[in-house]
Amino acid sequence: MDNLIYVIPAMGIVGLIYTFIKFAWVSKQDAGNERMKEISTYIAEGAMAFLKAEYKILMYFVVIAALLLGFMGQANQAHGGHWTIAIAFIIGAFFSALAGFIGMRVATKANVRTAQAARTSLSKALKVSFTGGSVMGLGVAGLAVLGIGGLFIILYSLFVQAPVDTPEYAKNWGH
């Protein structure tokens, strides 16, 4: 496999590193007075309780859907199906849940910090707010690129035997 393919998940990792740098920057901003911090703590605890309850319900769905996908993939091997689609689904669900967790954490931190920044400067409030939003967006993109790129490399190495520059690869993959 061409080594350039490894750049794709590496870019996902770069995006996640940038995400965590921006998350740290948002976390370092002034969270306001004690009352603001207290309310923010309650909001963050409620948000995490909501995610915990949501993820508990989603876990049942993911397990059932993965079992069905794996069974259907195995049963339809003649038509290009394979049980590994269930693994891909589980990895996607995990990365999606992780993105939701990161987004909720930064949102609860950014909200109170944006409110505090707005007490002094609209410009500062917008910077905190947009940086908090970018953490979620870039976290989703970084996890998607890392997950899909990494999964492609793993599945490619498991199922494609022909090197990229051979006629057999071109026949199988239409290149």
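The values are calculated or read from the model by the stated rules, or taken from the named source; none is laboratory data. These numbers come from a predicted model, not from an experiment. Cβ placement follows ideal geometry from the backbone for every residue including glycine, while neighbour counts extend to all protein chains displayed.
Go through (1) closer than 20 Å to Val135 by Cβ; (2) surrounded by 14 or more Cβ atoms within 10 Å (Cβ to Cβ); (3) not small (Gly, Ala, Ser) and name the single condition Met36 misses.
(1)
Rundown of residues vs (1) more than 21 Å from Lys124 (Cβ to Cβ); (2) at pLDDT below 90; (3) assigned to a helix (DSSP H, G or I), yes/no style:
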residue	(1), (2), (3)
Met1	yes, yes, no
Tyr6	yes, yes, yes
Gly12	yes, no, yes
Leu16	yes, no, yes
Ala24	no, no, yes
Ser27	no, no, yes
Gly32	no, yes, no
Ala47	yes, no, yes
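Taking Ala75 and the conditions (1) at pLDDT below 90; (2) under 19 Å from Val128 (Cβ atoms), which numbered condition does it fall short on, given that it satisfies the others?
That leaves (2) as the condition not met.
So that you can scan it fast, the table gives a plain yes or no per residue for (1) modelled with pLDDT of 90 or more; (2) hydroxyl-bearing (Ser, Thr, Tyr); (3) under 30 Å from Leu4 (Cβ atoms); (4) in a helix (DSSP H, G or I):
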residue: Ala65; (1), (2), (3), (4): yes, no, no, yes
residue: His82; (1), (2), (3), (4): no, no, yes, no
residue: Ile91; (1), (2), (3), (4): yes, no, yes, yes
residue: Leu146; (1), (2), (3), (4): yes, no, yes, yes
residue: Asp165; (1), (2), (3), (4): no, no, yes, no
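Looking at the range 70-101 only, could you name the residues that are of a type in the set (A, V, I, L, M, F, W, C) and in contact (Cβ under 8 Å) with a residue 24 or more places away in the chain?
If the condition is that a residue be of a type in the set (A, V, I, L, M, F, W, C) and in contact (Cβ under 8 Å) with a residue 24 or more places away in the chain, then Ala88, Phe89, Ile90, Ile91, Ala93, Phe95, Ala97, Leu98, Ala99, Phe101 are the ones that fit.
Residues being out of contact with any helix residue (DSSP H, G or I) (no Cβ under 6 Å at 6 or more places or on another chain), assigned to a helix (DSSP H, G or I) and either of a type in the set (Ser, Thr, Tyr) or in contact (Cβ under 8 Å) with a residue 12 or more places away in the chain (or both): count how many of those fall in the range 102-133.
The total comes to 7.
For the range 6-38, how many residues meet the condition of being β-branched (Val, Ile, Thr), touching a residue at least 12 places away in the same chain (Cβ under 8 Å) and over 16 Å from Met104 (Cα atoms)?
Qualifying residue count, the range 6-38: 3.
Determine whether Ile57 is in a helix (DSSP H, G or I), β-branched (Val, Ile, Thr) and farther than 19 Å from Met136 by Cβ.
Yes, satisfied.
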